[in-house]
Amino acid sequence: MEEKQLEGLSFDIEARIPGKLGRAGTIHTPHGDIKTPAFMCVGTYGEVRFVSMEDLNSICAQTMLSNGYHLRNKSYDIAKDGGLAKWSGWNGPTLTDSGGFQVMSLGSGIGKVVSMERENEVVNAPKKDRLAIVTEEGIQFHDPYTDQDDMIGPKESMDIQNRIGADIHMAFDELTSLADTYEYNKEALARTERWAQVSLDEHKKHRDDLGYRQSLYGVLQGGRWEDLRRSTAKKLGQMDFDGYGLGGAFLKSDLGNILRWCNEELPENKPRHLLGLSRPDDILIGAEMGADTFDCVAPTREARHGRIYTKYGHINIKKFEGSQEVLDPHCDCPVCKAGWTRDQLRSLLKSKNPDDRAKYFNLASIHNLRFTIRLTEEIRQAIIDGRFEEYKDEFMKNYYSYAKNGAADPNRHN
Ligand SMILES: [Zn+2]
């Protein structure tokens, strides 16, 4: 963008799910539009691991999410280059996370969400040394990678994010864990709300520094308690944020309710980002309950570990020795369209040659990202066509029925 554009983002709602909170729309940012619901590819350091910008374009990626905390040391260079979109070569809409989640998870090993199999377990790692200490100014933590003590709070986070210059920033918040009590959540939430105001004030000072308007989302916490979720949504909803991040560590079974409590209170005309979730059922519930955008490292991280998403559930590629079947015959990604077989990918992953493994990481990441992006595209179309419920039922039946029924899955071989 050569022209100066000093308008914040705007959001148009184009269709709704009747009787539900879900909607399809368009977020307009200085670096382009995002058709929602949309999945944001995670490029923590300004690039998606093993995936080129060309690859991202080939799978219709719309946006990239990077991390303020991880890019903090490069933020001056990024500002000099004109902001994240230019610096990274992505040249489309971008978002940065505040870093609050990263420093808190360094501290207590917080998991984002408990999987279906582990629903009864607590995710706060009990034996891990607590490396993060929360104060009114921010979070003090010991960085195990640099072996140094550090501190990040709303002022520091906004400072870093304004230099990085993504189109959308996240206010600095305190993520609580599933092990924390109601009383602690209440206290942490009050702090997150004070930090929201500090974030907003700091952000406004520098949001036009790079020649285009950067926007800020307030982040909602409050654990699994309805009164906390509703009150913070009301409070932050009245503040001058451009949109909202829906945060927290959830039990999977609570996700729908938590989103409903938040989104019933938030202003309708501002976009909402569900932080850090991408399982197909989470995206479907999220979209149904009014989340507009999603992000997660899972599609690429799981791809690297051999987990490939297919129409009929995920498969472990390592178990497909000799399989001449295309990775996912129902997929429209460049890898599947080129006819790569399951055995070919398995061989690359198992190879002792690092170039082969890098090739596998590239192909598998492209496929899993496209699977997740396509899911959001199909949800969008289904909302516009007024058949969201049918689409959701059909998708869930295909993707999850084998696991639920325990029936033999012809696509799984395990
Ligand atoms: Zn594919």
Inter-site label distance for residue 330 and residue 357 at 7 Å from Cα along Cβ, in nm: 3.2 nm
Ranked 41, 60, 262, criterion: other C-beta atoms within 10 Å, fewest first: 60, 41, 262
For region 134-140, Karplus couplings with θ = phi - 60° (6.51, -1.76, 1.60), whole Hz, Gly/Pro x: 8, 10, 5, 7, x, 10, 8
Cα-based helix-to-principal-axis angle, 354-384 vs the chain, degrees rounded to 10: 70 degrees
Too-long pairs where the Cα-Cα distance tops 28 Å, listed order kept, from 205/234; 74/204; 74/337; 35/86; 74/252; 35/234: 74/337; 74/252
Integer Hz, Karplus 6.51/-1.76/1.60 couplings in order for region 194-208, x for Gly and Pro: 5, 5, 4, 5, 4, 4, 5, 4, 5, 4, 5, 5, 10, 5, 9
0 to 90° range, to nearest 10: angle between helix 226-237 axis and the chain longest Cα axis: 70 degrees
Projected-area average for region 303-405 over all orientations - Cα convex hull basis, square nanometres: 6.8 nm²
Estimated Rh, region 178-301: Kirkwood, alpha-carbon pairs, angstrom: 15.1 Å
Hydrodynamic radius by Kirkwood, which averages 1/r over all alpha carbon pairs of the chain, in angstrom: 21.8 Å
Bridge type composition, the chain - antiparallel percent by DSSP, nearest 5: 50 percent
Debye intensity ratio in log₁₀ form over the Cα atoms of region 286-363, taken at each q of 0.15, 0.27 Å⁻¹: -0.55, -1.39
Cα long-axis angle, helix 255-265 against the chain (0 to 90 degrees, to the nearest 10): 40 degrees
Helical mean residue ellipticity (222 nm; -39500 (n - 2.57) per DSSP H run of 4+; nearest 500) of the chain: -12000 deg cm²/dmol
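Any read-out appearing in this document is the output of simple, stated calculations on the displayed coordinates, not a laboratory observation. A quick note: this is a predicted structure, and the numbers were derived from the prediction, not measured. All Cβ positions, even for glycine, are placed from backbone atoms using ideal geometry, and neighbour counts span all protein chains on display.
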